[in-house]
Structure formats: C-alpha cells, structure tokens
Amino acid sequence: MATKKNTPCSTSALLIILVTGVTLSLTVALGPASPQNLQLRAHADADGLALTPPMGWYPWNAFGEEPQTETLIKEIVDALITSGLKDAGYAYVGPDEGICFSRGPDGKLTSNLARYPSGLRGLGDHIHGKGLKYALYTDAGSKTCSTAMPGTKGREFEDMRAFADWRADYIKIDWCNSEGQDIVKTYSLLGEAQRAAGRPVVHSLCSWGEGYPWKWAGAIGHMWRTTTDVCAPGQADWARAVRIAFANEKLASFAGPGRWNDPDMLVVGMPGLSDAQGRSIFSFWCMMASPLIAGNDLRDMTRPTIDILTNLEAIAVDQDPLGAQGHVVWNDGDVSLWAGKPLFDGSRAALLFFHGKNKARLRIAWDEVGFAAADELYVRNLWTHETTGPHAGGVDVTVGGSDAAFLRISKKNEFPIPPILVADTYLVSLRAAGSRPEKLTGTVTVANKGSSELPPWRVDPKSLPPWLSVEVTGSGKTQTFVNTVTTAGLKKGYYHSLVRADNVEPISGRPMSALYYDVDLEVVRNVRK
Ligand code: GLA
C-alpha cells in the first residue's frame, strides 16, 4: 500500500530532453502555475484559433511515413466519424511526414500524385466536406526528418502559400536538418510567411523542446512540442510517455488559451499499452490541457480504447475555456497528486496517479487541490462517471497499478461540459450557370455537444466579399450558417471566401476559438447586372 509524502512545489526544474540521440540538459525557470501568470498571446489574439487545445489525429505514431497514402487518410477520416471521435471533438486530420509533396523544377511544392491521386487540395476538400479540418506537415530545415520531403528553408513564403492553396488549417513544422539555423528567427519567419499567405492556420512548432519554445513561441504559433517523440512508430512506450508527462507538467505556467505545451501525440490504443495505462495517459494529457492528437490506428480500436478517447467528461477538462494547465502538487515516486486546474464553472480537476503495482489508497485533502480545508464538496469520477458527496475536508481515493483516478470536484452537484463543436461540413461549393443573375445558398451546420446553449455565432458582414452574405439561424445547441451568393454582375470564373465566425462561451464569458469555413463559387458564364 503506497502512502503520501508531501513535497514542496519547486520553482525551477532540470529537464532532461533526448533529441535525436543527443542529451540536452535544460534548466528551466518556472513561475507558479496559475492562469494569472500567462504571457501575451499575440498570435492567437489575431486569428482566434486554438483557444482550447486542438484535437485531431496524425498518422505518425501508428504508421511512420511508409504506409501513408490518400487511401489511408480517407479510411481514417471514415473511422473518425463512425467511431464517435468526430462527435467528441477530434477535427484536425491529415498526413504527417507522409511523402505527400516534393519540390518541382520551378521550386514550387507539388503534390505526390502517386500516393495522393486527388492532390493535396483534393484531399483537403474531401476532409472539409466531412466536417473535419485539414492538417499538413513540413520542416523548418532543408529536409524533413526522413529526408524524403523538402523542408521550407529559404522558401518559407512560397511554401506557406502552397499550404494555403491546399487549404491546410493546421501545419506542424518540424526541426530536422536545421543545422546552423537560428530557431527563433526561423520560426518567426515561418509565422510571418503564414500570415502573408492569408489563411489562418494552427501553427504547431515541433522542435522537441529545443530552444525553449514555451518562452517565445506563443507570439508565433499556437502549440509547441516540449519533448522528444513519445514513441517510435508502431509501438507505445509507457515509461517514455510517463517521463514526458512529468517533464511537460513543469511548464504549466507557460500554457493558456491559444498557447499550448505539446507533449506529443497520444499513444492510447497503440500496441504495448494496457487499458489502465491508456486511461492514465489520457488523464495526464487532459489535465495538462495538451493538444489531443490521437496517434493510433482508428480503423482497428477496441471498445475500451474508443471509450477512453471519446470520454467527454475527461475531454471537458482538456477543453476547458480557462485553459489552465494542471501540474504535480506532490510526488513521492509511486504516487503523485496533480491539481492546479480551475475549470470554467468554479469546479476543479484533480488526478491521482499510481505508478506502482496492485493498489494505492489515499486521502486527497481539499486544501491540496485549490479549495478551503473545511469545504463540503461533490466529487465526479471522470472514468466511472459516478458522483459522490458532499464530502467534508477531503475524499478517500483508491487507484490501481499504472492507473489514474481522474476527478472533478465542485461545490455544486453538477458538472457541465464546455462547448465541443461538430460541423456537418467546412466547405460550401456552389456553381452558377451564369448569364441570368441568380441567388444560391449553401449551409454549414454546427452542433455543440457540450451542455450549454450557445449565443448566436457572429460573422462580420464587412469581412465578406460583395457576392456573399451569411445569416445564422437556429439557436442554442445547433446553429446553421446560411450562405447566400448573389451572382449579378459577376464575371465567369472561380471565387472563394474564408468565412470567420466568433462566439463566446456563456458560463465563463470567454471567447471561443474562431470557426472558419470555405465558400467556393464557380460562375460558368459572365452574368448580367
Ligand atoms: C519528428 C516528429 C514526429 C514526426 C516525425 C516525422 O520526429 O517529432 O512527430 O513528425 O518527425 O519524421
């Protein structure tokens, strides 16, 4: 039976980070982990993206680069939808280092049509048409890590334009083959190039902690890897994932809405991990407000894996609008208590992790997890979905080996889920025959799987081209954007608009991530006025 030892929370820590075989010793100055300690978040302020941690799927953990093809990505897209992951909020999906483009003789990036016959724009349209968001991958150096694809070095502006033309919504930018490059200057240039390309994207920096990105990357992008890869492709590595969680938690004070520490993709559901270990990993990632990028083969999941990945009560902690990153309060080696995560309704999350065998039984005192010692509180177990209480002073918790008790603690016996958005499509495609003026409409419907009725989404009419107007209908849980195109006076050709909509989460009053979708219009012949 494990017992608790209280250790003071340190204000600095030594992180040992392994980067492609090189050991770097990083002394990290850490402030107290509270949302008040956040730095400016200039980049997300401008585009409104990723105000809660991005959720999606990337192929690397399960597949490496070899079997990635358009067929695989499309099968995964179908599995995302049928398994319930899309309804739980997972949205960003696409090839990682999937040998999906090369550089043509003119220096421009060109899709690898042998592997991706629809081209990268065609794949993006397919993904958007399914109500999902498009993720792509590149590298800040001369080549990607496998050296099979070109990096952006020296071509930053052209390459970011290519990603915008392919309609990427998320770009992961790796740091391989970057010898001699200044990391801050390079990623800053890439941020500038992305803004110049005109399409807002979630910018995911991937330097594995090199250059201490938590100190500066919030002004450039939305998330940054803090450590080495969580596993080699194909096999989960439990010990490594736990080490990464305990390195990443120390950076809690650097995270907040629009700026996230990224401990890498999830290993839940991969070979080599038990269900208890999967629950622990998912609890850590949610507690740390980490991006939830699933990395397993979604076409082949056990019921427990689906239940872990789609546990809305755990996801609610990750997607909380306050965006606080939880951290370790005390750690005696085998048992650790994680707290420091206030939630939008006044409740708080706590996590008790047992890194031993058999069982640990411990008491969590309310003053260890952010409440007053004498409070009487309700406890929601986020894995068993049971509420107990009110409990005076604290609660006794039993947790099995390699498992985590993941709790939400509240003065009220209710545990609302923050907004989890699910769209039927992110692409409206309209075609006008021309000659006679026409009015055409196409819709985008967005449902909230969370508890609240949302206020109406707002679209700034001044941000739209003259041929497009948007009206928002419905209310509360489901709203529809009715896009009306008026073709009078338009010339034959193709027209495009990226529509931005904004909203506010009603319980906290915090802005929600901006919602973007594409409207395409083809006008076949010149149209009279
Ligand atoms: C690096 C990244 C991984 C993956 C591979 C692709 O190792 O950290 O997540 O993108 O490159 O080669």
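Restricting attention to the stretch 204-247, the residues being touching a helix residue (DSSP H, G or I) at 6+ places or on another chain (Cβ under 7 Å), assigned to a helix (DSSP H, G or I) and within 14 Å of the ligand (Cβ to nearest atom) number 1. The residue pairs whose first member lies in the stretch 296-315 and is over 24 Å from G64 (Cα atoms) and outside any helix (DSSP H, G or I), whose second member is open to solvent by 30 Å² or more (accessible area, probe 1.4 Å) and aromatic (F, W, Y), and whose beta carbons are closer than 8 Å, counting only pairs six or more residues apart or on different chains, are N311/W383. Say whether the condition of being at negative phi, out of contact with any helix residue (DSSP H, G or I) (no Cβ under 7 Å at 6 or more places or on another chain) and either away from the ligand (no atom under 14 Å from the Cβ) or not small (G, A, S) (or both) is met by at least one residue in the stretch 94-101. No, the stretch 94-101 contains no residue that is at negative phi, out of contact with any helix residue (DSSP H, G or I) (no Cβ under 7 Å at 6 or more places or on another chain) and either away from the ligand (no atom under 14 Å from the Cβ) or not small (G, A, S) (or both).
Listed here are the strands (runs of 3 or more DSSP E) enclosed by the stretch 410-529 that have at least 1 residues being open to solvent by 60 Å² or more (accessible area, probe 1.4 Å): 427-432, 439-448, 468-475, 478-486, 493-501. If you filter the stretch 143-191 down to residues that are in a helix (DSSP H, G or I) and of a type in the set (D, E, K, R), you find that the one that is least open to solvent (accessible area, probe 1.4 Å) is D159. For G107, the conditions (1) within 16 Å of the ligand (Cβ to nearest atom); (2) farther than 30 Å from A447 by Cβ; (3) modelled with pLDDT of 90 or more are fulfilled apart from (1). Can you find a residue that is more than 16 Å from the ligand (Cβ to nearest atom), under 24 Å from H496 (Cβ atoms), open to solvent by 10 Å² or more (accessible area, probe 1.4 Å) and over 21 Å from the mean Cα position of the chain (by Cα) anywhere in the stretch 122-139? Yes, the stretch 122-139 has at least one match.
If the condition is being assigned to a loop (DSSP other than H, G, I, E, B), surrounded by 22 or more Cβ atoms within 10 Å (Cβ to Cβ) and within 16 Å of the ligand (Cβ to nearest atom), then the stretch 41-67 contributes P54, Y58, P59.
Looking at the structure I just gave you, is V93 over 19 Å from I173 (Cβ atoms) and at pLDDT 85 or above? Criteria not met by V93. For A79, the conditions (1) away from the ligand (no atom under 15 Å from the Cβ); (2) among the small types (G, A, S); (3) out of contact with any Leu (no Cβ under 6 Å at 6 or more places or on another chain) all hold with the exception of (3).
The values are calculated or read from the model by the stated rules, or taken from the named source; none is laboratory data. Bear in mind the structure is a predicted one, so any value in this text is a computation, not a measurement. Cβ: placed from backbone, ideal geometry, glycine included. Neighbour counts: every protein chain shown. Keep in mind that these areas ignore ligands, DNA and RNA; they rest on the heavy atoms of the full protein, side chains included. Shrake-Rupley method; radii C 1.70, N 1.55, O 1.52, S 1.80 Å.
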